[in-house]
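Below is one structure, written out as structure tokens, with a few remarks after it.
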Amino acid sequence: MKTALWVVAWVVLAPFIGGLLAGVDRIITARMQSRVGPPVLQPFYDVLKLFGKRGNVVNAFQNFYMICFLVFVIVTGCLFFSGGDLLLTIFALAVAGVFFVLGAFSPNSPYSNIGAERELLQMMSYEPVLIIMAVGMFMVTKSWHVDAIAGFHQLLFAYLPGVFVAFLFVLTIKLRKSPFDLSMSHHGHQELVKGATTEFSGPALAVIEIAHWYENILLMGFVYLFFACNWIAAIAAVMVTYFIEIFIDNTFARLTWRFTVKSSWIVAGVFGVVNIFCVAFLIK
Amino acid sequence: MSFLKKSPWIIHYDGSSCNGCDIEVLACLTPLYDIERFGIINTGNPKHADVFLITGSINEQNADVVRTIYNQMPDPKVVAAIGICATSGGIFRECYNVKGGVDSTIPVDIYIPGCAVRPEAIIDGVVAALGVLEKKAAALASMKASA
């Protein structure tokens, strides 16, 4: 019963919380640039407007892929919030990512094709860290299941600080924040226009935005797991993490894909793998 | 449908402007005017845009570009001609390669004259354009309902 409640809460509430988070993000970003910024509900206005617009389509399949992207992100969240297998969650999230890439490849526009290729490179950058995170959590808690990890009596962060640092690094890629917003930036007017989403208009763009909100909440769920033994501390940690991400977004210029892949693998190796080795020796 | 008014996304194209008006358009985005307060975003992508801002007159070389951008924008959409060159051709009107204002190539909804236009006038013009956008959206909705 409790599991069902969590799943329903995820499906219904996640887009609202995700949208609010995006609104707060835009206000904080504006304040950091000494601007006033839009109202907190602005992301909802944007999405509702997009649903009222006409969607121009280049390829008959492009919108279908993006709906699959949204569906798989929701399924991934259901697996996570029902307390399912963490490893399965991570691979299901990769499937959602693949649908996004297929959608970006389908319209044959140079901008969205380069965006799709960069998205693949980004996936190559963050996947190792996500797997290291799951392995680390398994080694400490002796379970792959999210409910067991969340119910672990001790602070996971104390065992896995290196893994958390590595996760924080790739979180910037996943949240599509500068300096790693290579495939699709929140801001247009870049060298790739809007990258992977250049060819999507109207309702399809709204679907992508909603999927992005779901994804952000799921990622914040991953952050929560590191501090899950105390829910107040965990929520505070989630907020601080998101603020750090906004701060990074506003202080760094965009980097190249080469640097992204190299640096994320080096961080995964130095912080993640070393942490895992330490845990392996310390916990028998 | 009132959400169109709350989140108008812009695409800006420089026809053959002297850059005076372009600088004023970009000035609207700075902390002083901060048009993101009204949900306005400069998208740089015709497929995401609702409002098409054009500065400078239309010449034989950029007419096709302007037409393409206009056709790529999904309905409902509005066009605002910014600056005296965009509204009528301005001092370049008689030049051999100049076709005239923006309305020589695509339909224009709002004219915002000035040389160069003040950012306040641009914001005022975009607000006026939103009224037109609402009407177009209502017309599109009734067309859909009758079809």
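The values are calculated or read from the model by the stated rules, or taken from the named source; none is laboratory data. Just so it is clear, the model here is predicted, and its values are computed rather than measured. Note that we place each Cβ from the backbone using ideal geometry, even for glycine, and neighbour counts take in every protein chain shown.
B:Thr68 falls short on exactly one of the conditions (1) free of Cβ contacts under 8 Å to residues at least 40 places away in the same chain; (2) buried (at least 16 other Cβ atoms within 10 Å of the Cβ); (3) more than 10 Å from chain A (Cβ to nearest Cβ); (4) under 26 Å from B:Leu140 (Cβ atoms), and that condition is (2).
Residue-by-condition table, conditions (1) closer than 22 Å to A:Val40 by Cβ; (2) within 13 Å of the chain's Cα centre (by Cα):
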{"site": "B:Ser7", "(1), (2)": "yes, no"}
{"site": "B:Asp50", "(1), (2)": "yes, yes"}
{"site": "B:Tyr70", "(1), (2)": "no, yes"}
{"site": "B:Ala81", "(1), (2)": "no, yes"}
{"site": "B:Arg93", "(1), (2)": "no, no"}
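Cβ-Cβ under 6 Å, sequence separation 6+ or interchain: first residue in segment B:125-147 and within 11 Å of another protein chain (Cβ to nearest Cβ), partner surrounded by 16 or more Cβ atoms within 10 Å (Cβ to Cβ) and of a type in the set (A, V, I, L, M, F, W, C). Which pairs? Close Cβ pairs satisfying both conditions: B:Leu133/B:Leu4; B:Leu133/B:Val78; B:Ala137/B:Leu4. Within segment B:97-147, the set of residues being in a loop (DSSP other than H, G, I, E, B) and at positive phi comprises just one member, B:Gly114.
Rundown of residues vs (1) surrounded by fewer than 18 Cβ atoms within 10 Å (Cβ to Cβ); (2) within 27 Å of B:Leu130 (Cβ to Cβ); (3) out of contact with any Gly (no Cβ under 7 Å at 6 or more places or on another chain); (4) within 13 Å of another protein chain (Cβ to nearest Cβ), yes/no style:
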site: A:Ala14; (1), (2), (3), (4): no, no, no, no
site: A:Arg26; (1), (2), (3), (4): no, yes, no, yes
site: A:Arg31; (1), (2), (3), (4): yes, yes, no, yes
site: A:Gly37; (1), (2), (3), (4): no, yes, yes, yes
site: A:Leu41; (1), (2), (3), (4): yes, yes, no, yes
site: A:Lys49; (1), (2), (3), (4): no, yes, yes, yes
site: A:Gly55; (1), (2), (3), (4): no, yes, no, yes
site: A:Gln62; (1), (2), (3), (4): no, no, no, yes
site: A:Ile67; (1), (2), (3), (4): yes, no, yes, no
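Among the residues here, A:Leu182 qualifies as within 13 Å of A:Ser264 (Cβ to Cβ) and either within 14 Å of another protein chain (Cβ to nearest Cβ) or surrounded by 17 or more Cβ atoms within 10 Å (Cβ to Cβ) (or both). If only residues of segment A:218-244 that are surrounded by fewer than 19 Cβ atoms within 10 Å (Cβ to Cβ) and of a type outside the set (A, V, I, L, M, F, W, C) are counted, the one that is farthest from the chain's Cα centre (by Cα) is A:Asn230. Consider segment B:32-52 and keep the residues that are closer than 22 Å to B:Tyr70 by Cβ and small (Gly, Ala, Ser). The one that is nearest to the other protein chains (Cβ to nearest Cβ) is B:Gly44. A:Ser125: closer than 25 Å to A:Ile276 by Cβ, assigned to a helix (DSSP H, G or I) and out of contact with any Lys or Arg (no Cβ under 6 Å at 6 or more places or on another chain), yes or no? Answer is yes for this residue. For segment A:28-87, a residue qualifies if it is of a type in the set (Gly, Ala, Ser) and either assigned to a loop (DSSP other than H, G, I, E, B) or within 22 Å of A:His187 (Cβ to Cβ) (or both), and the qualifying residues are A:Ala30, A:Ser34, A:Gly37, A:Gly55, A:Ala60, A:Ser82, A:Gly83, A:Gly84. Within segment B:37-54, the set of residues being surrounded by fewer than 21 Cβ atoms within 10 Å (Cβ to Cβ), within 15 Å of B:Ala27 (Cβ to Cβ) and of a type in the set (A, V, I, L, M, F, W, C) is empty.
Among residues of segment A:252-276 that are assigned to a loop (DSSP other than H, G, I, E, B), those with a Cβ under 6 angstrom from a residue that is modelled with pLDDT under 90, sequence gap 6+ or separate chain, pair up as A:Phe252/A:Ser178; A:Phe252/A:Pro179; A:Arg254/A:Ser178; A:Arg254/A:Pro179; A:Leu255/A:Pro179. Scanning segment B:7-27 for residues being in a loop (DSSP other than H, G, I, E, B) and closer than 16 Å to A:His187 by Cα gives a total of 2. A:Val7 satisfies every condition listed in (1) within 30 Å of A:Pro110 (Cα to Cα); (2) in contact with a helix residue (DSSP H, G or I) (Cβ under 9 Å, 6 or more places away or on another chain) except (1). Taking the criterion of being surrounded by fewer than 16 Cβ atoms within 10 Å (Cβ to Cβ) and closer than 23 Å to B:Leu4 by Cβ, the residues of segment B:87-122 that qualify are B:Pro107, B:Glu120.
Filtering segment A:198-212 to residues that are facing chain B (nearest Cβ under 8 Å) and outside any loop (DSSP other than H, G, I, E, B) leaves only A:Leu205. The residues of segment A:20-45 that are in contact (Cβ under 8 Å) with a residue 40 or more places away in the chain and within 20 Å of the chain's Cα centre (by Cα), listed by number, are A:Leu21, A:Ala22, A:Asp25, A:Ile28, A:Thr29, A:Pro43. Put simply, of A:Tyr45, A:Tyr111 the only residue that is touching a strand residue (DSSP E or B) at 6+ places or on another chain (Cβ under 7 Å), surrounded by 18 or more Cβ atoms within 10 Å (Cβ to Cβ) and either within 14 Å of chain B (Cβ to nearest Cβ) or within 30 Å of A:Lys142 (Cα to Cα) (or both) is A:Tyr111. Pairs are defined by a Cβ separation below 7 Å, a sequence spacing of at least 6 or placement on different chains, a first member in segment A:145-165 that is in contact (Cβ under 8 Å) with a residue 24 or more places away in the chain, and a second member that is part of a loop (DSSP other than H, G, I, E, B) and among the β-branched types (Val, Ile, Thr); no pair meets this definition.
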